[in-house]
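Each remark here refers to the structure printed beneath this line.
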Amino acid sequence: MEEQDLSVRALIHVLLEEADLIDELRDAVVEQRESVKNGDYVTMQDLMKRVQDTFFHVQAQEAQRVRLADSAAKKFGCEPRISALSQVVPEEERALFRGSGERLGHSIFALKSEMTILSGLIEQNERFSAMLLSEWRRLDAGFIRSGGLDFRG
């Protein structure tokens with residue numbers, strides 16, 4: 001087996017591993033969204049730790065992907081991008097290589113979508129909380145100024 005075939009297979013493996021990790025990250029973000037909706041802050045804290053750990057692994061996998069892509073690009077004499085590499089990888093690896101790149105792209109898109117939804121939900125909760133807090137303070141200040149309620153009958 002040629003060295004180029006090994007580098008392409010290693011890159012395919014890394015692409016798929018990164019996609020799997022990003023899918024795990026997306027799943028945790030979906031669970032975070034449900035925790036925000038349900039007000040389950042204990043679960044939210046656990047999920048924040050899970051997201052941090054998974055994100056660290058995604059970053060490590062991405063760094064490895066960049067190194068392997070750079071190395072393969074040098075060997076094949078092209079740009080270190082999936083679109084460029086897919087034009088020059090050996091024919092027998094081409095479909096799998098393109099598929100792994102597409103899988104990573106889909107995983108990234110799905111994660112971004114979920115993060116946008118979660119961000120919107122958090123912003124909405126923040127606005128509602130600020131509105132309620134403002135109203136509570138207004139009522140509380142009015143209650144204090146009026147001397148409170150008179151329950152004497």
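Observations on the model:
- Of the residues screened, Ala95 is not one that is modelled with pLDDT of 90 or more, open to solvent by less than 40 Å² (accessible area, probe 1.4 Å) and of a type in the set (A, V, I, L, M).
- Among the residues of the range 8-32, those that are buried (at least 19 other Cβ atoms within 10 Å of the Cβ) and touching a residue at least 60 places away in the same chain (Cβ under 8 Å) comprise Val8, Leu11, Ile12, Leu15, Glu18, Ala19, Ile22, Leu25, Arg26, Val29, Gln32.
- Qualifying residue in the range 114-122 (condition: closer than 27 Å to Tyr41 by Cα, of a type outside the set (Asp, Glu), open to solvent by less than 50 Å² (accessible area, probe 1.4 Å) and in contact with a helix residue (DSSP H, G or I) (Cβ under 7 Å, 6 or more places away or on another chain)): yes
- Residue check: Met48 meets all listed conditions (1) in contact with a Leu (Cβ under 6 Å, 6 or more places away or on another chain); (2) under 30 Å from Glu123 (Cβ atoms) but one, namely (1).
- Residues that are touching a residue at least 60 places away in the same chain (Cβ under 8 Å), among the hydrophobic types (A, V, I, L, M, F, W, C) and outside any helix (DSSP H, G or I) within the range 72-92 comprise just one, Val89.
- Test: residue in the range 48-71 that is touching a residue at least 60 places away in the same chain (Cβ under 8 Å), among the aliphatic types (A, V, I, L, M), open to solvent by less than 40 Å² (accessible area, probe 1.4 Å) and more than 30 Å from Arg94 (Cβ to Cβ): no
- For the range 93-113, the set of residues classified as touching a residue at least 24 places away in the same chain (Cβ under 8 Å) and more than 13 Å from the chain's Cα centre (by Cα) consists of Glu93, Leu96, Phe97, Ser100, Gly101, Arg103, listed by residue number.
The values are calculated or read from the model by the stated rules, or taken from the named source; none is laboratory data. Computed from a predicted structure; not experimentally measured. As a convention, Cβ positions derive from the backbone with ideal geometry for all residues, glycine included, and neighbour counts pool all protein chains shown. SASA here: full protein model, heavy atoms, side chains in, ligands and nucleic acids out. Shrake-Rupley method; radii C 1.70, N 1.55, O 1.52, S 1.80 Å.
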